[in-house]
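Have a look at the structure below, then the notes.
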Amino acid sequence: MLGKHTLGPKEKTSLRITFDTKGSPGPFRKTVTLTTGTAGQGELEVTIEGTVRESPAAKIRVTPRLVDLGVVSPGLVNTGPLSIANPGTLPLVITKIYVKGTGDLLYDGERQGGLVILPGGTKPFECAVRAEEGGSGRQETIIIESNAKNAPEGGYVIVVRYRGS
């Protein structure tokens with residue numbers, strides 16, 4: 001906002017330009033055009049450029065995001081390996097891992113203590129599902145709850161597929 005709207009000869013005022021950088025890490029370039037409304041005077045362009053640094057945060061990356069267990073026998077618990085990484089700058093704390101449809105807990109941070117992965121670190125984790133009766137293909141959703149900045153509300157999703165024998 002312009003400090004004073006009407007200026008006399010040789011008067012000065014200040015102009016404050018604000019750019020909200022929340023959620024916009026990385027390089028930016030913004031241009032503001034000033035016009036006086038006075039005939040014969042041109043426009044003035046002010047360019048603001050720089051780099052917004054991302055705020056420190058834990059992040060989560062799980063490999064693979066899709067686990068295919070192949071053909072399994074009904075009633076047996078089958079596992080597939082996962083790798084949980086923290087590419088963030090603060091410790092990642094996993095508080096709960098569960099199967100969405102059944103609610104089966106695969107990891108309970110309240111009982112077992114938070115699973116902490118330091119920045120740049122990786123931990124292996126075995127996912128497990130109980131195979132259901134039936135020969136058709138099945139799909140389960142595993143939810144990972146954590147303090148990760150990049151995880152959607154409701155948790156980070158892993159998909160496990162299998163076929164009954």
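Tell me which lysines have Cα within less than 22 Å of Lys22's Cα, excluding those fewer than 8 residues away on the same chain?
Result set, ordered by chain and number: Lys30, Lys59, Lys149.
For Thr13 and Arg65, compute 0.36 nm times the residue count separating them, minus their Cα-Cα distance, and round to one decimal in nm.
So the chain would gain 13.1 nm between Thr13 and Arg65.
Going by average Cβ neighbours within 10 Å, how do the peptides 149-155, 114-120, 88-94 rank, with the highest at the top? Intermediate results must be reported in sequence, preceding the final value.
Working: 149-155: 12.7, 114-120: 15.6, 88-94: 19.3.
Packing proxy ranking, top to bottom: 88-94, 114-120, 149-155.
Just to be sure I understand the model, the point goes 7 Å from the Cα along the line to the Cβ. What's the resulting Ala128 to Thr6 distance in nm?
8.0
Just to compare against my own numbers: the Cα pair-distance distribution for region 1-54, 10 Å bins, whole % per bin, please.
Going out from 0 Å in 10 Å bins, region 1-54 shows 18, 43, 24, 14, 2 percent.
Using DSSP to define loop residues, name the GluC sites (Glu not before Pro) in region 61-133 whose beta-carbon has at most 12 other beta-carbon atoms within 10 Å. Let's see the in-between values first.
Values: sites: Glu110, Glu126, Glu132, Glu133; in loops: Glu132, Glu133.
Passing sites in region 61-133 are Glu133.
Under 5 Å between amide H atoms, partner at least 5 residues away or on a different chain: which partners does Leu106 have, H built in plane at 1.01 Å?
Answer set, sorted by chain and number: Ile97, Tyr98, Val99.
Peptides 58-65, 23-30: what's the order by average Cβ count within 10 Å, highest mean first? Each step should come with its number before you reach the end.
Values: 58-65: 16.5, 23-30: 10.1.
Averaged packing, sorted descending, gives the order 58-65, 23-30.
Over all alpha-carbon pairs in the chain, figure out the percentage whose distance exceeds 29 Å. Can you show the working numbers first?
Numbers: 6431 of 13530 pairs.
Percentage above 29 Å: 48.
Need the list of lysines near Lys12 for cross-linking: C-alpha distance under 17 angstrom, and skip anything on the same chain fewer than eight residues off.
Lys4
Are there GluC sites (Glu not before Pro) in region 28-65 that DSSP marks as loop and that have at most 12 other Cβ atoms within 10 Å, and which are they? Mind showing how you got there, number by number?
Details: sites: Glu43, Glu45, Glu49, Glu54; in loops: Glu43, Glu54.
Of the GluC sites (Glu not before Pro), the ones in loops of region 28-65 whose Cβ has at most 12 other Cβ atoms within 10 Å are Glu43.
Tell me the relative contact order for the chain as a rounded percent, counting alpha carbon contacts under 8 Å between residues six or more apart. Walk me through the intermediate numbers first.
On the way: 345 pairs, mean separation 37.1, N = 165.
Taking the mean separation of contacting Cα pairs over the length of the chain, I get 22 percent.
Run lengths n ≥ 4 of DSSP H only: what is the helix-derived mean residue ellipticity at 222 nm for the chain, with -39500 (n - 2.57) per run over all residues, to the nearest 500? Write down the numbers at each step before the final one.
Numbers: 1 runs with 4 residues, N = 165.
Taking each H run of at least 4 residues, the total per residue is -500 deg cm²/dmol.
No value in this document is a laboratory result; all are computed from the given coordinates. No experiment lies behind these values; they were computed from the predicted model shown. FYI the Cβ positions are ideal-geometry reconstructions off the backbone, even for glycines, and counts take in every protein chain you see.
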